[in-house]
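Worksheet for the structure shown next.
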Amino acid sequence: MIKKQSIHKAVIPAAGLGTRFLPVTKSMPKEMLPIIDKPVIHYVVEEAVASGIDDIIIITGRGKRAIEDYFDAAPELEMWLKDQHKDATLKRLREISNFPTIHYVRQKEPNGLGDALLRAENHIGNEPFAVLLGDDIISNAKPCTAQLMAVYSRFTSSVISIEHVPREKVCNYGIIKGNAIEPDLFRIEDIVEKPTPETAPSDMGAVGRYIFVPEIFDCLKSTDPGVGNEIQLTDAIHHLLKDHPVYAYKFEGKRYDTGDKLGYIETIIDFALRDENLKQELMAFLRKKVHI
Ligand code: G1P
């Protein structure tokens, strides 16, 4: 009988090289690309915290120090803002240093998402945990991670978030083959990393939120390099399926893929349109551009 444990730890893999955004990612992490005035990874940490996570480990690598600096306290800057009576800005800065303590571990070589996740094994230990990819923002009143936690607490099993993706884009995702047990919930039969449109078992792609039982670490250890000669998390999930059920949940909310150039631009526009100080002028600008 598997013991049910609540989930309070999360891993945020942020070690990827960000090649799609070169040259800017030559000297800055892709997770630090700004969505107006907050970096992408801020929203990811915010989602984890809003879901009840109180212990976060970020997997970093070379050139990712800016992430650590961002989540650190900045006493001199805070003091200066206080002296200048810039209270609103100070409040926003303090929100960052009030996040729970974040731990960091480095992936020494870019061996893929699966290998990055394995770096968190010692910190996670023998308990279920959440994974939030550092370049996917998912916006919803009930955070996506909290939605997955609700599924976990029903089945005490791993669960991943999925959404329909256009057929021509299945080659960018882990694609599931699943049995619907409820309109938005599937039991996964298989999962394939980045298949071609012809070989894809469906059009339901894994997006950047997962809950795993700790057995995923053993599966990662026995996973050989796959697509791109990297250790793929998807391949480890394929192994996990042999002995453990894994569910897929069509989450509620809007996912922004900031790791893709167009996705990044759309994210900025959408977030700016939600900002009362920017909305009117941005709308006027956009109308002028598209002549409507
Ligand atoms: C990774 C995973 C893939 C998943 C995707 C979601 O791919 O390997 O299974 O569908 O994230 O964003 P990447 O985007 O790192 O190539």
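The values are calculated or read from the model by the stated rules, or taken from the named source; none is laboratory data. The shown structure was predicted, so the numbers you read here are calculated from the model rather than taken from an experiment. Ideal geometry is used to build each Cβ from the backbone, glycine not excepted, and the neighbour counts take in all protein chains shown. Quick note on the areas: whole protein, heavy atoms, side chains included, nothing else; ligands and nucleic acids left out. Shrake-Rupley method; radii C 1.70, N 1.55, O 1.52, S 1.80 Å.
So here's what we get for this one:
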item: Residue in segment 25-36 that is at pLDDT below 95 and either touching a strand residue (DSSP E or B) at 6+ places or on another chain (Cβ under 6 Å) or open to solvent by 70 Å² or more (accessible area, probe 1.4 Å) (or both) present; result: yes
item: Whichever residue in segment 172-183 is aliphatic (A, V, I, L, M) and within 15 Å of the ligand (Cβ to nearest atom) and, among such residues, is farthest from SER158 (Cα to Cα); result: ILE175
item: Helices (runs of 4 or more DSSP H) (entirely within segment 17-88) containing at least 2 residues that are closer than 24 Å to TYR256 by Cα; result: 40-50, 65-71
item: Criterion (touching a strand residue (DSSP E or B) at 6+ places or on another chain (Cβ under 6 Å) and farther than 24 Å from PRO245 by Cβ) met by exactly one of ILE137, ILE176; result: ILE137
item: Residues of segment 1-21 that turn out to be modelled with pLDDT under 95 and open to solvent by less than 100 Å² (accessible area, probe 1.4 Å), as a count; result: 7
item: Residue match in segment 165-178 (condition: assigned to a helix (DSSP H, G or I) and crowded, with 16+ Cβ neighbours inside 10 Å); result: yes
item: Residue under evaluation MET204, criteria (1) within 25 Å of GLN107 (Cβ to Cβ); (2) open to solvent by less than 50 Å² (accessible area, probe 1.4 Å), criterion not met; result: (1)
item: Test: ALA88 is within 16 Å of the ligand (Cβ to nearest atom) and either closer than 16 Å to ALA14 by Cα or of a type in the set (A, V, I, L, M) (or both); result: no
item: Every residue from segment 180-206 that is in contact with a helix residue (DSSP H, G or I) (Cβ under 8 Å, 6 or more places away or on another chain), of a type in the set (A, V, I, L, M) and touching a residue at least 40 places away in the same chain (Cβ under 8 Å); result: LEU185, ILE188, ILE191, VAL192, ALA206
item: Scan of segment 135-160 for residues that are in a loop (DSSP other than H, G, I, E, B) and either within 15 Å of the ligand (Cβ to nearest atom) or more than 23 Å from PRO39 (Cβ to Cβ) (or both), ordered by number; result: ASP135, LYS142, THR156, SER157
item: Residue that is farthest from the ligand (Cβ to nearest atom) [pool: residues in segment 184-216 that are part of a loop (DSSP other than H, G, I, E, B) and of a type in the set (A, V, I, L, M)]; result: VAL213
item: Flag for ALA66 being over 19 Å from the mean Cα position of the chain (by Cα) and either buried (at least 19 other Cβ atoms within 10 Å of the Cβ) or of a type in the set (A, V, I, L, M, F, W, C) (or both); result: no
item: Filtered residues of segment 217-235 (kept if exposed (fewer than 14 other Cβ atoms within 10 Å of the Cβ), outside any helix (DSSP H, G or I) and within 13 Å of the ligand (Cβ to nearest atom)); result: none
item: Flag if ILE181 is in a strand (DSSP E or B), at pLDDT 95 or above and within 19 Å of the chain's Cα centre (by Cα); result: no
item: Test: residue in segment 246-263 that is more than 15 Å from the ligand (Cβ to nearest atom) and either crowded, with 20+ Cβ neighbours inside 10 Å or at pLDDT below 95 (or both); result: yes
